[in-house]
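J.: Let me begin by handing over the structure; questions about it come next.
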């Protein structure tokens, strides 16, 4: 009887094995970042977002982070993600203004953007609305796009209070419209990766920098530039991008799960937690270090002087430049950005 039953039991076991789904295979993705893992942005945006991805994919996706430029230098991030050195990377778009010139509308000076969360919402909505902006990203696929709140000015020696105080200062900005803004204000601008800014300020190679609070916190710039001039220069913008071929190779349900915590909600989350909350972190650090920051808030009448020279005139100049390069929807993109920013 037992010998007769064994083949039956064996067949049933085999049939059961085929009907039970195999566990989903774990997907490992690599992520390159220029920032320190203890910096404000990574601690409050990057790593919480990674946890959101793991939860959304029910543990199916695991992301390994290579921080502090250990896998790809910040200035090389676009090429590194395009070529597949890493699957995902945090890109400072201002390093390559010729790559995403229409997205540069977000870095026009003196736009009515108050917070990074709001700026990030505006940028993602522009990306969704305009195929010409989507086309700019080519071989890399934006998982989310986010901005800073308007960058302000820090200086190592001279406190800037008026337009005249800007004359001749060597100032770090990002590329594109920020360069033209600094020139219009009488400064001498140059692009420099933020990880190199501490030494440049310390050694007097640069007099100051246009920065958000997060950079002051993450790179300890409060140690070498104690003069803070609050003036709404421009919002820097960033992308958390994936290699397009890699992201398209993932199962559709996994892609959808990743984008459920990316796209618009992810963009707003990164803006708020990476930048809007960072001022409190700086205040904690300077207090603990016994450092006093010399803060000066530029009065509205003086801001209006700066804006008249280096604000709206550069908006029009940007539109003409883009139209001259064949981007016929540049004016409409600027109009949409202003409407979204004012809402």
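J.: Only residues in the range 101-127 that are on the phi > 0 side of the Ramachandran plot count as the first member; pair them with residues that are surrounded by fewer than 24 Cβ atoms within 10 Å (Cβ to Cβ) and outside any loop (DSSP other than H, G, I, E, B), Cβ under 7 angstrom, at least 6 apart or cross-chain, and list the lot.
T.: 110/307
J.: Among the listed residues 319, 282, identify the single one that is crowded, with 17+ Cβ neighbours inside 10 Å and closer than 26 Å to residue 225 by Cα.
T.: When all the criteria are applied, what remains is 282.
J.: Here's a follow-up. What pairs come up if the first residue lies in the range 138-154 and is farther than 29 Å from residue 185 by Cα, the second is in a loop (DSSP other than H, G, I, E, B) and modelled with pLDDT under 95, and their beta carbons are under 9 Å apart, counting only those six or more places apart or on different chains?
T.: 138/99
J.: Among the candidates 161, 170, 129, single out the residue that is touching a helix residue (DSSP H, G or I) at 6+ places or on another chain (Cβ under 7 Å) and surrounded by fewer than 18 Cβ atoms within 10 Å (Cβ to Cβ).
T.: 129
J.: Residues of the range 292-343 being closer than 30 Å to residue 222 by Cβ and within 23 Å of the chain's Cα centre (by Cα), which ones?
T.: Across the range 292-343, the qualifying residues are 311, 314, 341.
J.: Any residue in the range 318-343 that's in the same structural domain as residue 178 (by TED's automatic domain parsing) and closer than 17 Å to residue 180 by Cβ: show its pairings with residues that are surrounded by 18 or more Cβ atoms within 10 Å (Cβ to Cβ) and modelled with pLDDT of 95 or more at Cβ separation under 7 Å, as long as the two are six or more apart or on different chains.
T.: So the pair list comes out empty.
J.: Tell me the residue from 63, 85, 75 that is at pLDDT below 95 and assigned by TED's automatic domain parsing to the domain that holds residue 133, please.
T.: Step by step, each of 63, 85, 75 is checked, and only 75 is at pLDDT below 95 and assigned by TED's automatic domain parsing to the domain that holds residue 133.
J.: Anything in the range 128-172 that is more than 18 Å from residue 106 (Cα to Cα) and part of a helix (DSSP H, G or I)? List them, or say none.
T.: Passing the criteria: 163, 164, 165, 166.
J.: Find the helices (runs of 4 or more DSSP H) located wholly in the range 173-253 whose residues include 3 or more that are closer than 28 Å to residue 269 by Cα and over 18 Å from the mean Cα position of the chain (by Cα), and list them.
T.: 244-249
J.: Same structure again: Look through the range 50-66, keep the residues that are in a helix (DSSP H, G or I) and in contact with a strand residue (DSSP E or B) (Cβ under 8 Å, 6 or more places away or on another chain), and return whichever of them is farthest from residue 251 (Cα to Cα).
T.: Ranking the qualifying residues of the range 50-66, first place goes to 50.
J.: Let me ask something additional. Can you give me the ranges of the helices (runs of 4 or more DSSP H) entirely in the range 262-343 with at least 3 residues that are touching a strand residue (DSSP E or B) at 6+ places or on another chain (Cβ under 9 Å) and modelled with pLDDT of 95 or more?
T.: Values: elements: 263-270, 278-289, 300-310, 312-324, 330-342.
Qualifying helices (runs of 4 or more DSSP H): 263-270.
J.: Additional query: Just give me the residues in the range 262-291 being free of Cβ contacts under 8 Å to residues at least 60 places away in the same chain and within 25 Å of the chain's Cα centre (by Cα), in sequence order.
T.: Of everything in the range 262-291, those that are free of Cβ contacts under 8 Å to residues at least 60 places away in the same chain and within 25 Å of the chain's Cα centre (by Cα) turn out to be 265, 280, 283, 284.
J.: Separate question: Which condition number does residue 80 fail, the rest of (1) crowded, with 22+ Cβ neighbours inside 10 Å; (2) outside any loop (DSSP other than H, G, I, E, B) being met?
T.: Condition (1) is where residue 80 drops out.
J.: Further, regarding this structure: If I ask for residues that are on the phi < 0 side of the Ramachandran plot and surrounded by fewer than 14 Cβ atoms within 10 Å (Cβ to Cβ), which ones from the range 285-301 would you list?
T.: Taking the range 285-301 first, the residues on the phi < 0 side of the Ramachandran plot are 285-289, 291-301.
Hits for the range 285-301 are 287, 288, 289, 291, 292, 294, 295, 297, 299, 300, 301.
The values are calculated or read from the model by the stated rules, or taken from the named source; none is laboratory data. Not measured: the values here are computed from a predicted model. We place every Cβ from the backbone using ideal geometry, glycine too, and count neighbours over all the protein chains shown.
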